[in-house]
Amino acid sequence: MAKGKLFIISGASGVGKSTVLKKVMDGRPDLQFSVSATTRAARPGEQEGVHYYFVTHEQFQKMIAEDAFLEYDAHNKNYYGTPAQQVEDKLQKGHVILDIEPVGAFNVQKKRPDATLIFIEAPSWEELERRLRGRGDTAEDQIAMRLERAKWEMEQKEKYHYVVVNDQAQACADQILHIIAQADME
Ligand code: 5GP
């Protein structure tokens with residue numbers, strides 16, 4: 001019997017999810033982050049084995065063939081996948097947090113119906129749009145694609161057990177910590 005529980009956290013890009021997640025992990029040092037494999041390039045400051053395992057397309061395909069993923073999905077022309085064995089091992093030690101998008105979240109839920117799904121939402125659609133546009137690096141057609149994806153992701157929130165609004169990162173993290181503390185008592 002696993003010692004920990006599985007928590008899946010999703011939220012549209014631009015919602016400030018990584019800041020919130022960092023505060024959640026700081027608030028509960030016993031929480032373990034599931035490190036995904038991805039074919040996308042590392043961004044500045046991202047560390048191999050901490051934020052992601054950065055792999056080639058060939059390596060990713062090999063992992064699919066070996067049935068190494070609890071789930072995987074393509075997103076923005078790159079693959080992302082949750083290594084199954086890693087999640088198993090971590091659950092033996094305690095709670096595990098998965099930061100994955102809704103398609104992956106629902107696929108994990110099929111295999112692990114006991115997982116708790118938490119959706120981080122922007123304070124408003126206008127705010128999310130402002131944040132997505134504010135990323136600066138993007139051409140208009142890319143922004144349009146991101147907005148469309150964000151809209152679809154927001155529509156999925158009803159399928160989550162909890163929706164927390166990221167108005168202020170610490171307050172949002174505190175709500176998530178509260179949900180985890182509640183699960184500890186179950
Ligand atoms: P980013 O490239 O910004 O780090 O992540 C893009 C999206 O991929 C985010 O919504 C993130 O939650 C999602 N993601 C990260 N790892 C995984 C994974 O292992 N599986 C799935 N399905 N999505 C993931």
**OP:** Search region 27-47 for residues that are farther than 27 Å from LYS3 by Cα and pair each with any residue that is part of a loop (DSSP other than H, G, I, E, B) and more than 8 Å from the ligand (Cβ to nearest atom) when their beta-carbon atoms are under 9 Å apart and the residues are at least 6 apart or on different chains.
**Re:** THR38/VAL55; THR39/VAL55; THR39/THR56; THR39/LYS77; ARG40/LYS77
**OP:** Specify which of the listed residues (ALA183, ALA122, ALA169) is surrounded by fewer than 20 Cβ atoms within 10 Å (Cβ to Cβ), hydrophobic (A, V, I, L, M, F, W, C) and in contact with a strand residue (DSSP E or B) (Cβ under 9 Å, 6 or more places away or on another chain).
**Re:** ALA183
**OP:** Determine whether region 13-20 contains at least one residue that is assigned to a helix (DSSP H, G or I) and in contact with a helix residue (DSSP H, G or I) (Cβ under 6 Å, 6 or more places away or on another chain).
**Re:** yes
**OP:** Keeping to region 42-53, report how many residues are modelled with pLDDT of 95 or more and touching a strand residue (DSSP E or B) at 6+ places or on another chain (Cβ under 8 Å).
**Re:** 4
Original post:
Does ALA74 fit the bill of being within 23 Å of ALA115 (Cβ to Cβ), more than 10 Å from the ligand (Cβ to nearest atom) and not basic (Lys, Arg)?
Top reply: no
**OP:** Tell me the strands (runs of 3 or more DSSP E) entirely within region 76-168 that contain at least 1 residues that are modelled with pLDDT of 95 or more and polar (S, T, N, Q).
**Re:** 78-83, 116-121
Subject >> Single unsatisfied condition, TYR72 versus (1) modelled with pLDDT under 95; (2) crowded, with 16+ Cβ neighbours inside 10 Å >> reply: (1)
Subject >> Every pair of residues 6+ apart whose Cβ atoms lie under 9 Å, when the first sits in region 1-25 and is touching a residue at least 60 places away in the same chain (Cβ under 8 Å) while the second is outside any loop (DSSP other than H, G, I, E, B) and hydroxyl-bearing (Ser, Thr, Tyr) >> reply: LYS5/THR116; LEU6/THR116; PHE7/THR116; ILE8/THR116; LYS17/SER10
**OP:** Just one of (1) of a type in the set (Ser, Thr, Tyr); (2) free of Cβ contacts under 8 Å to residues at least 12 places away in the same chain; (3) within 11 Å of the ligand (Cβ to nearest atom) trips up SER124, so point out which.
**Re:** (3)
Subject >> Only listed residue being modelled with pLDDT of 95 or more, out of contact with any helix residue (DSSP H, G or I) (no Cβ under 6 Å at 6 or more places or on another chain), more than 14 Å from the ligand (Cβ to nearest atom) and of a type outside the set (A, V, I, L, M), chosen from THR38, THR56 >> reply: THR56
Subject >> region 1-17 - residue that is modelled with pLDDT under 80 and away from the ligand (no atom under 13 Å from the Cβ) and, of those, surrounded by the most Cβ atoms within 10 Å (Cβ to Cβ) >> reply: ALA2
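The values are calculated or read from the model by the stated rules, or taken from the named source; none is laboratory data. Being a predicted model, the structure only gives us computed values, none of them experimental. Every residue, glycine as well, gets a Cβ built from its backbone with ideal geometry; the counts of neighbours run over all protein chains shown.
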